[in-house]
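J.: Pasting in a structure now, in structure tokens, and then I'll have a few things to ask.
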Amino acid sequence: MKLADRVFLPLRLAWRQLRAEKARLASAIAGVMFACVLVFMQLGFRAALFDSATSLISAMRAEVFLLHPLTMASFRPEPLPRARAGQALALPEVVQATPVYLAQSTWRNPEDGSRRTIQLIGFDVEAGAMAFTGLAEVAAALKQPDSAAFDLRSRPEFGAVQPMLEALGGRPLPVQVGNRRLDVVGLVEIGPSFGADGNLVLNETNFRRLVPDRPFSNTDLVAIRLRPGSDIGAVQAQLRALLPGDVAVLTHPELVAWERRYWETATPIGFIFGFGSLMGLIVGMVIVYQILFSDIANHLREYATLKAIGYGNGYLARSVLGSAFILALLGFVPGAIASALLYDVIGKATFLPLGMTLERGLTVFGLIFGMCAVAGLLAMRKLRDADPADMF
């Protein structure tokens, strides 16, 4: 028998069996679709968590970073001696060493007066250490005393800052942060995360004014820019040999992975999303198993007849697996479409970076097909009851 016949003949038989019971087929597709949507949403939330948590780090342009070894996440930094930035400049490959200050304060909504915690990001705005969208346009204005740039993608609970700023026609918007009055002189785009619902960008001097009790002999992070063509790995090794043990020297990808690892291992959120995906697959597998098992049980005589005329167990097994593949495909397509629509709705409501990707789509299809294949393998045990001698 040709390879095409070994594959397509069982697949055609599987399709005709599934199509014969339309109500059962619809139930199976709904079960697979439910599992598909659940897995898509869990993986989407998990990815959005990591993307939002690392959005600030990902927007940095530096090649090498210094931070305290005990720092677990950017929103909870351990102080690092600011002198380490000056020591890093001893290497000829280092062009800039920009201290970055991170803190949280209370923001008073300029519309209703309510207070909400906001993330403060202070640094030399002209050093080129950050790549926030809109930063270049407001960098000059941020040098003014008590000025700041508001994160356009902050949650709406902070107030309609953008429309209010536009209504002023270029004049700054007065706001209260902590116990100090500031002027919002422009907008940048960073995005909220699970650690901060909104962000405020300031230059180093204004950050010090806003957080006066903090000792500024320390910083939270040092962003190091290298000369073009420098060997990043070699500079990293030299900095580790040059600097004391109270500093960790990381490349940009390593810093992003450092931040991501906190959310994966130090919080239960990553486990919860993974467990939710697993539960969705188990529910879908049970539904598909019941459908396939019932289908085999209702057609035992037909399977016995096929055995009697020369079709072996391999052919019948391929037919059952063909049914699993068809159910996976029919459930995945509407499930993926529904998930993409949900991504759009939930992303707009939560301001999280939710979006369908090809990689995630292929991953979920592989999981759904694997789920259906396992259900088919379990259901195939019923084929042993299709014995021609017992049926006739």
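J.: Given a 10 angstrom Cα cut-off, can you work out which residue in L242, L38, L168 is the most mobile in a GNM of the chain?
T.: L168
J.: Compare the Cα positions of Y315, A160, L80 along the charge dipole of the chain (+1 at Cβ of Lys, Arg; -1 at Cβ of Asp, Glu; about the Cα centre) and return the one farthest towards the positive end.
T.: Among Y315, A160, L80, the one farthest towards the positive end of the dipole of the chain is Y315.
J.: Among (i) 0.98; (ii) 1.38; (iii) 1.20, only one was calculated for this model; which label is it, if the read-out is Cα Rg over 2.2 N^0.38 Å?
T.: Computing Cα Rg over 2.2 N^0.38 Å and matching it to (i) 0.98; (ii) 1.38; (iii) 1.20 gives (ii).
J.: For the chain, give the percent of accessible area contributed by carbon and sulfur heavy atoms, probe 1.4 Å, rounded to a whole number.
T.: 59 percent
J.: Separate question: Shape call for the stretch 97-217 from the C-alpha gyration tensor, a ≥ b ≥ c root eigenvalues: rounded (a/c under 1.5), prolate (a/b greater than b/c) or oblate?
T.: Because its axes are fairly even, with a/c under 1.5, the stretch 97-217 counts as rounded.
J.: Using only Cα atoms, tell me the angle between helix 3-20 and the longest principal axis of the chain; keep it within 0 to 90° and round to the nearest 10.
T.: So the helix axis and the longest Cα principal axis differ by about 90 degrees.
J.: Whole Å is fine, so just give me how far the alpha carbon centre of the stretch 250-285 lies from that of the stretch 4-65.
T.: 18 Å
J.: Which far-off residues, 5 or more places away or on another chain, put their amide H under 5 Å from the one on H68, with H placed in the peptide plane?
T.: So H68 has HN proximity to E78, A248.
J.: Starting from the 7 Å offset along Cα-to-Cβ, what nm value, one decimal, do you get for the label separation of E189 and R227?
T.: Result for the modelled spin labels: 3.6 nm.
J.: What do you get for the angle between helix 358-379 and the principal long axis of the chain? Use alpha-carbon atoms, 0 to 90 degrees, nearest ten.
T.: Approximately 30 degrees, to the nearest ten.
J.: Oh, and also: Could you tell me what percent of the DSSP beta bridges with both partners in the chain are antiparallel, to the nearest 5?
T.: Of all bridge pairs located within the chain, approximately 80 percent are antiparallel.
J.: Going toward the positive end of the dipole of the stretch 213-257, with +1 on Lys and Arg Cβ and -1 on Asp and Glu Cβ, which of P253, F216, L226 do you reach last?
T.: Of the listed residues, the answer is L226.
J.: Separate question: Which angle between 0 and 90 degrees, to the nearest 10, do you get for helix 252-265 versus the longest principal axis of the chain when only C-alpha atoms count?
T.: With rounding to tens, the tilt is 60 degrees.
J.: When Lys and Arg each count +1 and Asp and Glu each count -1, what net charge do the other residues less than 11 Å away from F271, Cβ to Cβ, add up to?
T.: 0
J.: For the pair T106/R61, report the inter-label distance in nm, with labels modelled 7 Å from Cα in the Cβ direction.
T.: Computed distance between label sites T106 and R61 equals 3.7 nm.
J.: What distance in nm separates the simple spin-label points at A160 and R12, each placed 7 Å from Cα in the Cβ direction?
T.: 6.4 nm
J.: Within 13 Å, Cβ to Cβ, of L18, how many net charges do the neighbouring residues add up to if Lys/Arg are +1 and Asp/Glu are -1?
T.: Taking every other residue near L18 into account, the sum is +3.
J.: May I ask for the net charge around P79, where only other residues with Cβ less than 12 Å from the Cβ of P79 are counted and Lys, Arg are +1 while Asp, Glu are -1?
T.: After counting each charged neighbour, the total is +1.
J.: Which one, L70, L281, Q236, projects farthest toward the positive side of the charge dipole computed for the chain from Cβ point charges (K/R +1, D/E -1)?
T.: With unit charges placed on the Cβ atoms, the residue in question is L281.
J.: For Q96, which sequence-distant residues (separation of 5 or more, or a different chain) have an amide H within less than 5 Å of its own amide H, given hydrogens modelled in the peptide plane?
T.: Those qualifying (amide H under 5 Å, at least 5 residues apart or on another chain) are R225.
The values are calculated or read from the model by the stated rules, or taken from the named source; none is laboratory data. Remember, it's a predicted structure, so these values are computed and weren't measured experimentally. So basically every Cβ, Gly included, is an ideal-geometry build from the backbone, and we count neighbours across all protein chains shown. Surface areas here come from the heavy atoms of the whole protein model, side chains and all, with no ligands, DNA or RNA. Shrake-Rupley method; radii C 1.70, N 1.55, O 1.52, S 1.80 Å.
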